[in-house]
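Each remark here refers to the structure printed beneath this line.
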Amino acid sequence: MILETNPNMSLTIVAADIHLIDLKTRLPFKYGIATMTEAPHAFVRVVANIDGADFTGIAADVLPPKWFTKIADKPLGDEVDEMLEVIERAVTVSVGQSADSVFDFWQRLMFDQTAWGSQKQYPPLLSNFGTSLVERAVIECAAKSRQQPFWQLLQSNALGIRLGKIDPQLEGLEPADLLPNQPANRVIARHTVGMADPIEVNEITDDERLHDGLPQALTECIARYGLRHLKLKVSGRIDQDVQRLARIADVTSAVPTEFEFTLDGNEQFRELAEFQDYWRAITAVPSLAAIFNRLMFLEQPFHRDVALSDDVLAGLRSWHGRPRMIIDESDAELDSLPRALSLGYHGTSHKNCKGVFKSIINRCRLEVLRRNHVTDIVMSGEDLANIGPVALLQDVAVSAALGVTSIERNGHHYFAGLSAFPESVQHGVLDSHADLYQPSPHGWPTLEIRNGELAIESVNSAPFGLGFELDVEQFTSLKQWRTQQQWRTQQ
């Protein structure tokens, strides 16, 4: 593919590296076929020379088991090795690369990484996890060089985004033509109820009770955070799901709050008829009416192997009364959303780990549809145990700029805030983001959720989410981490 240039800046990647820290959850997080109790958290640092001056950008993410490749019998250590391989490959090939804009740099890296991953027989979702981390770090470099926060970079198109190069229907349009002209300063924190989470306090035994000052049961979370939006994980087994959802319906009905819900199908189905039978059965249960009457959408009910299959889902669009559905794991390539919409889905999710530029393009696609009077469309904000000090803030910065205001947030629930990080990091977060974080009873930062919302003014005013300089040298270098063989856990 020949890529045209759009002179916007002189950009060269001077250096890049990877550091890690190992994290343990305060609660086991059961999602689909996986239960996460610990995971490495990776930091990618990039030094970019932009118009003659060097700038440093950071990106970060947890390395979640059984998400990028949902293979039940693959050892978790092998999965982590693959995630680190794709990150290291993207970091390595980026160094020395030059481009006329961040967008051009991303486009070249993304195509190159996808081709390499195809040769390795890695799915694009996994291959471009590495792309997304480098992409985010370079975006922060650009924000610092232009002295503009992320949302202003979109409004001024300082990143050099050419929407028409990805989707001809967007030719002649720029992000500022389609995105909000101001970011949201408050977003709704949609709380995840994992399949192993206690619903009420009486389910927690004395041995299981945590003493970290944070809520544990769903009822405690509702009381503490003033929750209004809930994301409910389902197993695809009717009796099990009905029983659990009915308990959640009872708990939420007892609170003077108008809750809204989303369901996560966790890729449980491989046939349309199988899912239709499940959906008709579960929505006919009277005790679940409180949930289904206020259901915003259903996320990824079909396994990624069939979720965009014309044959398997041939009857989806014609199914009268089908739920509003979005893809998540299946949003792996630049054409995934158009394919999903043609089949009868209603939208997709935003996650930074799937790519910032991809989400910008998808949000613009959906806005064009909305302006053409297609109203039943969705872009949600989803999460997989996303935490600070970097990943969560950058993800929120992108969501706010895209106008996505209901965002699944669960990292603060499954991890004990930022307690695992050095004190210098904790102080930096509390000093720079006092609207978003507060000291826990033990002193370490934890998310400040009030009336079910996050205040993110400090995020929107920072270059790219993070309002202080983070020194990644205080974490473990990739080479040293591999030598220590810290991640070899069987779950």
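None of the figures in this text is laboratory data; all of them are computed from the coordinates on show. Fair warning: this is a prediction, and the values are worked out from it, not measured in the lab. Positions of Cβ are backbone-derived with ideal geometry, glycine not excepted, and every protein chain shown enters the neighbour counts.
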What residues qualify as long-range amide H neighbours of Ala16, i.e. H under 5 Å apart, gap of 5 or more or another chain, H built at 1.01 Å from N? Val47
So if I place +1 on the C-beta of Lys and Arg and -1 on the C-beta of Asp and Glu, and nothing else carries charge, what would the dipole magnitude of the chain be about its Cα centre? I want it in debye, nearest 20. 640
Per the helix-only calculation at 222 nm, which mean residue ellipticity applies to the chain, given -39500 (n - 2.57) for every DSSP H run of n ≥ 4 and division by its residues, nearest 500 deg cm²/dmol? -10500 deg cm²/dmol
Ala281-Lys120 FRET efficiency (beta carbon distance; Förster radius 41 Å; 0.05 resolution): 0.50
In the neighborhood of Phe475, defined by Cβ-to-Cβ distances under 12 Å, what is the net charge if each Lys or Arg adds +1 and each Asp or Glu adds -1? -3
Table column - 3J(HN,Hα) (Hz), the stretch 350-355, Karplus curve with 6.51, -1.76, 1.60, x for Gly and Pro: 9, 9, 4, 5, 8, x
If every Lys and Arg gets +1 and every Asp and Glu gets -1 at its Cβ, then about the Cα centre the stretch 266-312 yields a dipole, in debye to the nearest 20, of 340
Report the relative contact order of the stretch 175-469, percent, no decimals, based on alpha-carbon pairs under 8 angstrom and at least 6 residues apart. 23
Can you work out the Karplus-derived ³J(HN,Hα) for every residue in the stretch 288-302? Use 6.51 cos²θ - 1.76 cosθ + 1.60 with θ = phi - 60°, whole Hz, and x for glycine or proline. 9, 4, 4, 7, 6, 6, 10, 8, 7, 5, 10, 9, 6, x, 9
When Thr25, Thr252, Thr283 are ordered from fewest to most other Cβ atoms inside 10 Å of their Cβ, what list results? Thr283, Thr25, Thr252
Please report, to two decimal places, log10 I(q)/I(0) for the chain at q = 0.12 Å⁻¹ as given by the Debye formula with identical point scatterers on the Cα atoms and no solvent. -1.10
The stretch 251-258 - phi-based ³J(HN,Hα) in whole Hz, Karplus 6.51/-1.76/1.60, Gly and Pro as x: 5, 6, 5, 7, 10, x, 9, 8
Packing-based ranking, highest mean first, of 61-67, 380-386 given that Cβ atoms within 10 Å are counted: 380-386, 61-67
Lys and Arg at +1, Asp and Glu at -1: neighbours of Tyr437 with Cβ under 12 Å from its Cβ sum to -3
How far is the Cα center of the stretch 157-228 from the Cα center of the stretch 375-411, in Å? 5
